[in-house]
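Only one structure is covered here, and it is reproduced in the block below.
The values are calculated or read from the model by the stated rules, or taken from the named source; none is laboratory data. Remember, predicted model here, so these are calculated numbers, not experimental data. So basically every Cβ, Gly included, is an ideal-geometry build from the backbone, and we count neighbours across all protein chains shown.
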Ligand code: AMP
Ligand code: GLY
């Protein structure tokens, strides 16, 4: 099978690594990819939203399977573009249709969906300029803290947690009146704050059946002990000790099954990954959000743990045999630790040389996944805030974390920072 992978981060490096291990994988192209993916397949300099150019490449290279890493092309309708074009309609594009991708692309759409299917989530209301005054009233009467969410995609920045009413009203005004997040905040969802521990569950669906391919806990804050600003994710562990069979049974019964049944009942065309962002509130799971893709850095920990061939799995989701696949996991615990640029998640320098990428230990096996990196001559340099992640396995979680940190000690770039306490609460 010839495969085209879309994206350029650590998630895509991990996807490329995993898919390249399949004997079903012939040629692998990555658009646009990064130096990490270039070591596995062929990078092609095409923008992730340039569907026409991606379509031409797919025809030219006789692509059979397309895997989309980030949400933007999915929300913009890449699935429909390929399905509606005669020359590309035969290609297995893994991802929801544009309509179904609203489960991630519109907070209001996903909240309505959850309400229709009685899926546990925070209570909410939605407001636009048309009922702005009513929104102010709603906020003033709301318990604290209050969560405000821009309806549309806002590059992970559209959620504000306000700890007093004044702050909430100011954010509401910024979003609606001053279009803080552009069109994405012309509608705002205001919801109840859920107290608990945030975790992620990943499934693959064909719109009828599903398979759980992993779960993880992501450490989102920049500082140790979960302090400081929110980031895209500083590290992950999998499996998560408290996500035992009993908890996962609740997740399946109250969340995953009604979600997939809802997708089918509503005729949403969805063949792809579903990322359930959950809050564990004293043992009861609630949905914080749906994403229609895999997570980053969750992918970097769940794919090394997944033993099952990913390419076969994606083929099964296309030919109606997903239910027959046996999902198997590797033994032990997995951890991934993200190395970021100095200053991240604020502004940070770029083009800093990275050394030691080839000198990380292979026993115990560790994997380096590149995220925000680029070539500069023969060097690999930093290009983003989240630069690279190291995934390691261990008999127990702490051993996995310690193996990952040991591998990171062989890698260097000026200003490199990583959290040394990933998995700290499970010590
Ligand atoms: P989202 O973009 O919906 O994932 O929200 C970003 C982050 O805000 C989440 O990962 C949570 O940490 C937090 N968050 C979102 N909604 C809630 C909520 N209702 N209660 C508590 N925290 C929330
Ligand atoms: N790590 C969270 C995300 O990918 O959205």
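A few notes on this one:
- Test result for residue 300, surrounded by 14 or more Cβ atoms within 10 Å (Cβ to Cβ), part of a helix (DSSP H, G or I) and under 16 Å from the mean Cα position of the chain (by Cα): yes
- Of residues in region 152-163 being more than 9 Å from ligand 1 (Cβ to nearest atom) and either in a strand (DSSP E or B) or within 21 Å of residue 296 (Cα to Cα) (or both), the one nearest to the chain's Cα centre (by Cα): 155
- Against the test of being touching a helix residue (DSSP H, G or I) at 6+ places or on another chain (Cβ under 7 Å) and either within 16 Å of ligand 1 (Cβ to nearest atom) or under 26 Å from residue 156 (Cα atoms) (or both), the options 107, 111, 98 yield a single qualifying residue, 98.
- Qualifying residue in region 136-147 (condition: under 28 Å from residue 280 (Cβ atoms), in a strand (DSSP E or B) and either in contact with a strand residue (DSSP E or B) (Cβ under 9 Å, 6 or more places away or on another chain) or within 13 Å of ligand 1 (Cβ to nearest atom) (or both)): yes
- Looking at 193, 172, just one residue is surrounded by fewer than 17 Cβ atoms within 10 Å (Cβ to Cβ) and either at pLDDT 90 or above or under 19 Å from residue 291 (Cα atoms) (or both), and that residue is 193.
- Unmet criterion (only one of (1) within 17 Å of residue 112 (Cβ to Cβ); (2) more than 13 Å from ligand 1 (Cβ to nearest atom); (3) out of contact with any helix residue (DSSP H, G or I) (no Cβ under 7 Å at 6 or more places or on another chain)) for residue 262: (3)
- When 334, 290, 286 are checked against the criterion of being over 27 Å from residue 152 (Cα atoms) and in a strand (DSSP E or B), a single residue qualifies: 334.
- Any helices (runs of 4 or more DSSP H) falling wholly within region 53-124 and containing at least 3 residues that are in contact with a strand residue (DSSP E or B) (Cβ under 7 Å, 6 or more places away or on another chain): 71-75, 78-84, 107-116
- Of all residues making up region 199-242, the number that are surrounded by fewer than 16 Cβ atoms within 10 Å (Cβ to Cβ) and touching a residue at least 24 places away in the same chain (Cβ under 8 Å): 8
- Residue match in region 76-95 (condition: within 16 Å of ligand 2 (Cβ to nearest atom), crowded, with 18+ Cβ neighbours inside 10 Å and touching a residue at least 12 places away in the same chain (Cβ under 8 Å)): yes
- Listed here are the strands (runs of 3 or more DSSP E) enclosed by region 165-250 that have at least 3 residues being within 16 Å of ligand 2 (Cβ to nearest atom) and touching a strand residue (DSSP E or B) at 6+ places or on another chain (Cβ under 7 Å): 197-205, 210-218, 235-238.
- Of all the listed residues (267, 283), the sole one being at pLDDT below 95 and more than 13 Å from ligand 1 (Cβ to nearest atom) is 283.
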